[in-house]
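The next block holds one structure in the form of structure tokens; read it before the comments.
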Amino acid sequence: MKTSLYIIVMLFLASITYCQEKSADSTLVYIETTDGNEFFGQIIEEDSLLLKFSSDKLGLITIQKKEIKSRRSVNIQRIKDGKYWFENRQSSRYFWAPNGYGLKKGEGYYQNINIFWNQFSIGITDQFSLGVTIIPFFLFNGAPTPVMLAPKLSFPIVEEKFNIGAGALIGTILGEDADSYGLVYGTSTFGSRDNNLSIALSYGYTGSHWAKSPVVNISALARTSNRGYFITENYLFPGGSGCLSLGGRWIWKKASLDYMFAMPINTGSDSFVAFPIIGFVIPFGG
């Protein structure tokens with residue numbers, strides 16, 4: 001297990017290139033019209049009704065302002081081969097594990113994993129976010145229902161290169177007289193929001209009883225295209241067992257899809273098992 005995690009860390013560290021992105025050029029803008037067309041270029045002239053726009057593909061065009069759905073300055077680094085590489089609105093986590101980046105104030109998302117896991121997360125400030133999770137077993141004859149809170153703090157140490165984060169998962173079960181449960185964690189993230197690697201430690205608890213040893217998490221994310229990511233999320237549990245996972249993320253403007261195979265290892269079984277996991281995310285705010 002340790003050898004496998006070491007190989008993953010070394011391969012991913014070798015693939016990460018640290019570079020500071022250029023600041024957004026205020027004369028380079030992205031415009032989306034009400035009929036769904038997208039344009040990148042420079043504004044030549046505008047008044048209260050019309051906008052004259054120099055597009056790299058179409059040349060000089062004139063757009064009626066009432067036909068503009070959205071308009072914003074963009075970073076030149078995000079335009080590659082004529083395509084705009086959308087921001088990763090779920091850059092604060094991998095499949096499930098959090099990293100050192102946080103949601104910006106007012107940003108949020110709804111996440112559903114394999115139908116049952118439902119989480120809403122929102123940035124309260126640029127450094128603090130809060131998530132609420134429910135697994136709605138009450139739909140099945142009023143069965144006890146797990147609910148959890150997920151507060152998280154995140155701080156940039158070196159902008160877009162090194163972030164740290166800390167947080168907790170605080171849970172209880174509605175409809176059952178049981179102890180609270182959860183975990184606390186700390187994580188260090190190396191790299192940008194699009195390409196990074198995180199190393200984290202977490203301690204679980206039930207009631208007043210805490211685990212004596214931490215769970216080690218090593219996760220990584222690499223952008224592969226204007227819409228795609230490779231993701232790996234891996235755990236080493238006390239006692240030597242663990243779980244490796246490989247998959248990816250596909251993003252659209254208003255949603256994203258996570259997909260992975262989770263593979264338990266060192267469980268004492270000779271059988272190879274890989275569990276498929278699908279997550280769907282809808283961002284909001286921001």
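The values are calculated or read from the model by the stated rules, or taken from the named source; none is laboratory data. Because the structure is a prediction, the values reported are computed rather than measured. Positions of Cβ are generated from backbone atoms using ideal geometry, with glycine treated the same way; all protein chains shown enter the neighbour counts.
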TODO: Check residue 81 against each of (1) loosely packed, with under 13 Cβ neighbours inside 10 Å; (2) under 22 Å from residue 125 (Cα atoms) and name the one condition it does not meet.
DONE: (2)
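Is there a residue being assigned by TED's automatic domain parsing to the domain that holds residue 103, closer than 24 Å to residue 105 by Cβ and touching a strand residue (DSSP E or B) at 6+ places or on another chain (Cβ under 9 Å) anywhere in the range 177-184? Step through it out loud before you land on a result.
Just the residues of the range 177-184 that are assigned by TED's automatic domain parsing to the domain that holds residue 103, to begin with: 177-184.
Next, from what is left, pick out any that are closer than 24 Å to residue 105 by Cβ: 184.
When the remaining residues are screened for being touching a strand residue (DSSP E or B) at 6+ places or on another chain (Cβ under 9 Å), the result is 184.
Yes, some residue in the range 177-184 is assigned by TED's automatic domain parsing to the domain that holds residue 103, closer than 24 Å to residue 105 by Cβ and touching a strand residue (DSSP E or B) at 6+ places or on another chain (Cβ under 9 Å).
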- [ ] With respect to residue 133, determine if the residue is in contact with a strand residue (DSSP E or B) (Cβ under 7 Å, 6 or more places away or on another chain) and assigned by TED's automatic domain parsing to the domain that holds residue 231.
- [x] yes
Task: In the range 226-264, the residues that are in contact (Cβ under 8 Å) with a residue 40 or more places away in the chain, surrounded by fewer than 18 Cβ atoms within 10 Å (Cβ to Cβ) and over 15 Å from the mean Cα position of the chain (by Cα) - done: 226, 240, 241
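Those residues that are under 14 Å from the mean Cα position of the chain (by Cα) and either under 20 Å from residue 85 (Cβ atoms) or among the hydrophobic types (A, V, I, L, M, F, W, C) (or both), I need them from the range 192-204; list them, please.
Step one: filter the range 192-204 for residues under 14 Å from the mean Cα position of the chain (by Cα), giving 192-198.
Passing the criteria: 192, 193, 194, 195, 196, 197.
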Task: Top-ranked residue in the range 42-76 [being under 24 Å from residue 228 (Cα atoms) and surrounded by 15 or more Cβ atoms within 10 Å (Cβ to Cβ); ranked as modelled with the lowest pLDDT] - done: 75
- [ ] Return a yes/no flag: does the range 109-120 have any residue that is surrounded by 15 or more Cβ atoms within 10 Å (Cβ to Cβ), in contact (Cβ under 8 Å) with a residue 12 or more places away in the chain, assigned by TED's automatic domain parsing to the domain that holds residue 246 and of a type in the set (A, V, I, L, M).
- [x] yes
Open item on the list: Taking the conditions exactly as written (over 27 Å from residue 81 (Cα atoms) and charged (D, E, K, R)), does residue 212 satisfy them or not?
Closed with: yes
Task: Unique residue being under 22 Å from residue 87 (Cβ atoms), assigned by TED's automatic domain parsing to the domain that holds residue 275 and part of a loop (DSSP other than H, G, I, E, B) when the list is 233, 160 - done: 160
